[in-house]
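As structure tokens, the structure follows; a few thoughts come after it.
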Amino acid sequence: MKPIPDVNERIARISAHLYPPKSQMEEGSVLRRANCRAKGGAPGFRVAILGAAGGIGQPLAMLMKMNPLVSVLHLYDVVNAPGVTADISHMDTGAVVRGFLGQQQLEAALTGMDLVIIPAGVPRKPGMTRDDLFKINAGIVKTLCEGIAKCCPRAIVNLISNPVNSTVPIAAEVFKKAGTYDPKRLLGVTMLDVVRANTFVAEVLGLDPRDVDVPVVGGHAGVTILPLLSQVKPPSSFTQEEINYLTDRIQNGGTEVVEAKAGAGSATLSMAYAAVKFADACLRGLRGDAGVVECAFVSSQVTELPFFATKVRLGRTGVEEVYSLGPLNEYERIGLEKAKKELAGSIEKGVSFIRS
Ligand SMILES: NC(=O)c1ccc[n+]([C@@H]2O[C@H](COP(=O)([O-])OP(=O)(O)OC[C@H]3O[C@@H](n4cnc5c(N)ncnc54)[C@H](O)[C@@H]3O)[C@@H](O)[C@H]2O)c1
Ligand SMILES: O=C(O)C[C@H](O)C(=O)O
């Protein structure tokens with residue numbers, strides 16, 4: 001029987017694979033061959049997840065490892081990245097996985113990436129608003145975006161960290177400061193609102209959620225989450241009672257999960273699902289697929305606000321078209337005014353975090 005390698009030896013081998021020292025990348029070495037295969041093997045996109053060891057990050061990493069459009073997957077976090085990377089890397093799918101731990105490895109994690117997904121930051125506990133996360137998450141997003149500006153300024157950025165209504169303006173200001181800002185490449189992820197809306201509306205209509213499409217516009221917090229029930233596909237009508245119920249449930253879906261988790265965080269699994277659905281749409285757009293349309297919080301001229309979530313068309317350069325709101329009913333027009341008022345403050349808060 002072959003002797004079982006000593007635990008430390010195994011750990012050393014794993015970390016050599018995760019962070020190969022230069023000496024092991026010499027001509028002919030196993031690691032060099034593995035890396036060549038990673039670069040020249042399965043064609044696909046290079047994706048980094050920042051915050052990959054977290055509640056969202058782990059299932060997101062797993063699902064991205066299963067995505068055939070991904071050839072290289074970089075997993076970065078300030079804790080536990082080696083364990084998550086070793087675990088995910090054993091999945092027999094095409095993407096090559098590499099782990100990066102701590103600030104000193106951020107640049108290596110980001111270099112050469114086509115898409116960067118950011119779920120790094122603290123989540124809510126019961127009784128908190130998303131804005132209560134600003135103090136901690138604003139600084140985290142700033143640092144990570146400085147890294148992106150330096151190492152992969154052309155990457156598409158999918159920003160998940162809350163409060164999205166402020167973190168997206170923060171990211172834009174960081175990129176402007178660095179001279180790399182391209183509004184088409186910065187997208188706040190509001191896909192979970194759409195996923196929830198499709199689910200809740202399908203329940204009310206007695207349909208399969210996969211057959212339902214609900215546009216959700218505005219932003220990603222409370223009243224800024226504005227489902228357009230008058231534009232649901234397939235075309236449907238709702239009683240006022242159903243409209244009140246659905247609007248309230250969609251706007252408070254995040255709080256519903258935060259309260260059910262009772263202090264153990266916020267939505268992670270449904271968010272990972274939504275993030276992958278959105279990232280996959282971005283990658284299909286990058287590949288050149290036609291007609292890829294999803295909702296996202298982006299730089300926008302649809303309203304007087306500099307950022308707003310609406311349907312957008314994704315293409316080779318990121319957001320290639322921002323769609324207008326379409327016809328709204330009276331209930332939605334009132335909702336829009338409330339949403340804009342709150343959004344204006346959140347956007348301004350993000351901008352002045354960097355400017356002042
Ligand atoms: N946009 C949305 O729809 C949506 C949905 C759910 C959650 N969120 C937000 O996503 C964020 C993450 O939620 P979670 O449940 O995964 O939290 P979590 O605490 O489980 O995980 C966050 C991870 O980020 C890491 N992290 C912290 N600082 C970092 C840094 N400087 N660089 C890299 N990584 C860092 C942590 O180590 C941790 O692993 C929260 O802000 C939450 O509010 C957004
Ligand atoms: O509600 C939260 O704090 C997390 C997230 O924004 C959500 O909508 O689930």
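The table for this structure:
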item	result
Built amide H within the under 5 Å cut-off of Ala52, gap 5+	Tyr76, Asp77
Cα-based shape type of segment 42-189, given that a ≥ b ≥ c are square roots of the gyration tensor eigenvalues and the cut on a/c is 1.5	oblate
Options Met191, Asn67, Ala48, ranked by Cα towards positive dipole end of the chain, top entry (Cβ charges)	Ala48
Karplus 3J(HN,Hα) series, Hz, for segment 315-323 with 6.51 cos²θ - 1.76 cosθ + 1.60 (x for Gly, Pro)	x, 4, 10, x, 6, 9, 7, 10, 7
Rounded tilt (10° steps) of 30-40 against the dominant C-alpha axis of the chain	40 degrees
For segment 190-355, diffusion coefficient by Stokes-Einstein and Kirkwood Rh (Cα), 10 °C, 1.306 mPa s, µm²/s	96 µm²/s
Beta bridges by DSSP in the chain, antiparallel share as percent, to the nearest 5	45 percent
Estimated dipole of segment 190-355 in Debye, rounded to 20 [Cβ of Lys and Arg +1, of Asp and Glu -1, Cα centre]	560 debye
Angle in degrees between helix 134-151 and the longest Cα principal axis of the chain, rounded to the nearest 10	60 degrees
Most fluctuating residue given options Gly55, Gly291, Gly335, as computed from a GNM of the chain linking Cα atoms under 10 Å	Gly291
Share of alpha-carbon pairs per 10 Å distance bin for the chain, given as whole %	5, 25, 33, 23, 10, 4, 1, 0
Top positive-direction residue, dipole computed over segment 190-355 with Cβ charges, set Ser324, Gly206, Val292	Val292
Dipole magnitude of the chain, debye to nearest 20 (Cβ charges: Lys/Arg +1, Asp/Glu -1, about Cα centre)	1220 debye
Positive-end extreme of charge dipole, segment 73-161 - chosen from Ala120, Val97, Val79 (charges on Cβ)	Ala120
Amide hydrogen neighbours beyond the local backbone of Ile225, cut-off 5 Å, H modeled	Gly219
Phi to ³J(HN,Hα) by Karplus 6.51 cos²θ - 1.76 cosθ + 1.60 over segment 226-237, Hz, x for Gly, Pro	10, x, 9, 6, 6, 10, 4, 10, x, x, 9, 10
Computed [θ] at 222 nm, helices only, for the chain once each DSSP H run of length n ≥ 4 contributes -39500 (n - 2.57)	-14500 deg cm²/dmol
Point-to-point label distance, Asp289-Ser352, nm (Cα→Cβ direction, 7 Å offset)	4.2 nm
Two-site label geometry, Ala108 and Ala178: point separation in nm, points 7 Å out along Cα→Cβ	1.9 nm
In degrees, nearest ten, helix 191-205 long axis to first principal axis of the chain (Cα)	50 degrees
For segment 133-193: rounded, prolate or oblate by the Cα gyration tensor [a/c cutoff 1.5]	oblate
Segment 179-220 - charge dipole about Cα centre, Lys and Arg +1 at Cβ, Asp and Glu -1, debye rounded to 20	240 debye
Candidate lysines - alpha carbon under 24 Å from Lys349, same-chain residues fewer than 8 apart omitted	Lys125, Lys135, Lys142, Lys176, Lys177, Lys184, Lys338, Lys340, Lys341
Burial ordering of Asp280, Asp77, fewest other beta-carbon atoms within 10 Å first	Asp280, Asp77
Distance in nm between pseudo-label sites at Glu321 and Met62 (7 Å out along the Cβ direction from Cα)	3.8 nm
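None of the figures in this text is laboratory data; all of them are computed from the coordinates on show. All values derive from a computational prediction rather than experimental measurement. No Cβ is skipped: glycine too gets one built from the backbone with ideal geometry, and neighbour counts run over all protein chains shown.
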